[in-house]
Amino acid sequence: MSNLIVYKSNTGFTKKYVDMIERRVLPCEVVEIGKLKKDQIKKADYIFYGGPLKNNVIEGLDKFLKHHKLFGDKNIFVFCTGIQPIDQEKKENVITANGLEFYHVRLYLLPGGLDISKMSPLKQKMMKMGLNAAFKTDKIPAGVSQEMIEQRLNTPLDLTNSNAIDRMIDVYHMCKIRSREQ
């Protein structure tokens, strides 16, 4: 049985999880979404897709799901990384925003991180413009200064945790056991 991990990672947090998963689901092939080939999907029994979460949308997932006709009865595990708190409402919003209710996939939300130094200059500028715009509204809590937020933005935050993938890996192993029993 073969495993395939497809991913998109902008600042490295999703890739950290890809590396963790790769060590736990051998044998495994890893490919970035832009280099994915149809044959790789056809050969794999279990497929993982991971990408960063932005406004409830999993980046690159739309490109991955274009291949859904090749999935057949394969087990598909989708995971995303972000810095927002994870709860059932957030998960439902991600499912809806990505149209996942129309696909047979398992979804896992994982804590990611924020490191604007790893972003493109354009994205860095957009983050700072968004911050300035937020201060012109009442969206920033009282007592929080612009300097405090800028300091937070300029300090890398890494929330990745190898324990965060445990449930996904446990389900993967249960699926493998069930397929052997059939």
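The values are calculated or read from the model by the stated rules, or taken from the named source; none is laboratory data. In this text, all values refer to a predicted model and were calculated from it rather than measured experimentally. Heads up, the Cβs are rebuilt from the backbone with ideal geometry, glycines too, and the neighbour counts pull from every protein chain shown. Just so you know, the surface numbers come from the protein's heavy atoms only, side chains and all, with ligands and any DNA or RNA stripped out. Shrake-Rupley method; radii C 1.70, N 1.55, O 1.52, S 1.80 Å.
The set of residues from the range 103-118 being in contact with a helix residue (DSSP H, G or I) (Cβ under 7 Å, 6 or more places away or on another chain) and part of a loop (DSSP other than H, G, I, E, B) comprises Tyr103, Gly112. When the residues of the range 155-167 are filtered to those that are of a type outside the set (Val, Ile, Thr) and part of a helix (DSSP H, G or I), the one that is least open to solvent (accessible area, probe 1.4 Å) is Ala164.
Among the residues of the range 107-125, which ones are charged (D, E, K, R), open to solvent by 30 Å² or more (accessible area, probe 1.4 Å) and under 13 Å from Pro52 (Cβ atoms)? The answer is Lys118, Lys123.
One residue stands out in the range 129-154 among those that are open to solvent by 60 Å² or more (accessible area, probe 1.4 Å) and assigned to a loop (DSSP other than H, G, I, E, B): the one that is nearest to Leu114 (Cα to Cα), namely Asn154. Checking the structure you have, find out if any residue of the range 17-26 is farther than 21 Å from Ser179 by Cβ and of a type in the set (Asp, Glu). Yes, that holds for at least one residue.
A Cβ distance below 7 Å, combined with a sequence gap of six or more or placement on separate chains, defines the contacts here; from the range 144-166, residues that are closer than 20 Å to Thr11 by Cα reach residues that are assigned to a loop (DSSP other than H, G, I, E, B) and not acidic (Asp, Glu) in the pairs Leu157/Ile83; Leu159/Ile83; Leu159/Gly112; Thr160/Gly112. Residues in the range 7-35 that are closer than 16 Å to Leu53 by Cβ and either loosely packed, with under 15 Cβ neighbours inside 10 Å or in contact (Cβ under 8 Å) with a residue 12 or more places away in the chain (or both): Tyr7, Lys8, Ser9, Asn10, Thr11, Gly12, Phe13, Thr14, Lys16, Tyr17, Val18, Ile33. Exactly one residue out of Ile177, Ile95, Ile140, Ile76 is touching a His at 6+ places or on another chain (Cβ under 9 Å) and either of a type in the set (S, T, N, Q) or more than 23 Å from Gly12 (Cβ to Cβ) (or both), and it is Ile76.
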